[in-house]
Amino acid sequence: MTRAWFKAAGIRAFKTFCQALAATLATTATFAEVRWGMALGTAGMAALLSLLTSCAGLPEVPAEDKEEA
């Protein structure tokens, strides 16, 4: 795992976190009804799963960086 992999995987996990958080927030009727612990936990789990999926490979990382790993 190279520096390029960590950067790409981190960006992908952050995007996944934001998407999951937005989806969770969109399911509530009002902003006051948000259960923040559950919303952040769900988004965090999605980010973790994104990192684990990235272990199988990232198309964003050039082939020469993959060979260094």
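Before moving on, here are some points about what is shown:
- Qualifying residue in region 33-52 (condition: at pLDDT 75 or above, exposed (fewer than 10 other Cβ atoms within 10 Å of the Cβ), of a type outside the set (A, V, I, L, M, F, W, C) and not in a helix (DSSP H, G or I)): no
- Residue in region 58-67 that is under 16 Å from the mean Cα position of the chain (by Cα) and either part of a helix (DSSP H, G or I) or at pLDDT 90 or above (or both) present: no
The values are calculated or read from the model by the stated rules, or taken from the named source; none is laboratory data. Since this is a predicted model, take the numbers as computed values, not measurements. A quick note on method: Cβ atoms are made from the backbone with ideal geometry, for glycine too, and the neighbour counts reach across all protein chains shown.
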